[in-house]
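Here's the structure we're looking at; comments come further down.
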Amino acid sequence: MEQAVKIISAKYVTHNVRQFRLEKPQGYSFVPGQATELSINLEQWKDEKRPFTFTCLNSDDYLEFTIKTYTDHDGVTNQLSKLSVGDEVIIRDVWGAIEYKGEGYFIAGGAGITPFIAILRQLNNDGAIGNNKLFFSNKTDKDIILSDELKSILGENAVFTVTGQKDSQYDQRRIDADFLKAEVKDFSKHFYVCGPDAMVEEISGLLAELGADTESVVFEQ
């Protein structure tokens, strides 16, 4: 399936992360955590497909994507940074391996937070946020996507770590073995991991070493 849809709003939520809301085709549905391949509906760009995660709820009457834009080279996200309301993008079928399976720990690096935004919003909407905990690593304070909303959903269970800013107001530890041993109270719970490939590989390995059930570690394949 390919369908061209119009942008109905676009705003920056950090200095380099732009949130787009799009028309939602009738009957189009997804599970929180899932993604689609998106491209720009211009002749020279429509075959340049990139995966982006839905950050809205399935019950919303629009589709939302929260996209980090890289303007240092002329790629898809740079082009997306130039689009305006009324411009069109192409969406396709939904897919994705990150799905909520039960209470646990969400571990995100940078734009890896995006599949968790929809999951946490849905849990909050359902009154089912429970004791889920988020560890969210970024380079600087200004890189943290939707920090206020995540804090309002999770309270003290939203733990932000900043690794590249000496005067950060947040925790400055890396999410490594020492961090996990200090912060994780129960390694039998579910773990949801998303971020740069190297981070996902490292943390998945550490969780296995620390006794997490590998069947309970959910990450994007």
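Evaluate the following for Leu207: is it crowded, with 17+ Cβ neighbours inside 10 Å and within 20 Å of Val13 (Cα to Cα)? The answer is no for Leu207. In region 1-23, the residue that is farthest from Leu38 (Cα to Cα) out of those that are open to solvent by 80 Å² or more (accessible area, probe 1.4 Å) and part of a loop (DSSP other than H, G, I, E, B) is His15. Based on this model, can you work out whether Asp60 counts as at pLDDT below 95 and either outside any loop (DSSP other than H, G, I, E, B) or on the phi < 0 side of the Ramachandran plot (or both)? Taking the combined requirement at face value, the residue does not satisfy it. Evaluate the following for Asp72: is it free of Cβ contacts under 8 Å to residues at least 60 places away in the same chain and open to solvent by 30 Å² or more (accessible area, probe 1.4 Å)? Criteria met by Asp72. Residues in region 29-47 that are free of Cβ contacts under 8 Å to residues at least 60 places away in the same chain and under 17 Å from Asp93 (Cα atoms): Thr36, Glu37, Leu38, Ser39, Ile40, Asn41, Lys46, Asp47. Counting only strands (runs of 3 or more DSSP E) that fall entirely inside region 84-154 and contain at least 3 residues that are open to solvent by less than 30 Å² (accessible area, probe 1.4 Å) and closer than 15 Å to Lys189 by Cβ, the qualifying elements are 104-109. Pairing each residue of region 149-166 that is within 20 Å of Thr55 (Cα to Cα) with any residue that is β-branched (Val, Ile, Thr) and surrounded by fewer than 19 Cβ atoms within 10 Å (Cβ to Cβ), provided the two are 6+ apart or on different chains, yields C-beta distances under 8 Å for Ile153/Ile129; Leu154/Ile129. Every condition in (1) touching a Lys or Arg at 6+ places or on another chain (Cβ under 7 Å); (2) closer than 28 Å to Leu123 by Cβ; (3) of a type outside the set (A, V, I, L, M, F, W, C); (4) open to solvent by less than 70 Å² (accessible area, probe 1.4 Å) is met by Ser81 except one, and the failing one is (2).
Once region 48-57 is narrowed to residues that are without any contact (Cβ under 8 Å) to a residue 60 or more places away in the chain and over 11 Å from Ala35 (Cβ atoms), the residue that is surrounded by the most Cβ atoms within 10 Å (Cβ to Cβ) is Lys49.
The values are calculated or read from the model by the stated rules, or taken from the named source; none is laboratory data. For clarity, every value in this text was computed on a predicted model and none was experimentally measured. As a convention, Cβ positions derive from the backbone with ideal geometry for all residues, glycine included, and neighbour counts pool all protein chains shown. To get the accessible areas, we keep the full protein, side chains included, count just its heavy atoms, and leave off ligands, DNA and RNA. Shrake-Rupley method; radii C 1.70, N 1.55, O 1.52, S 1.80 Å.
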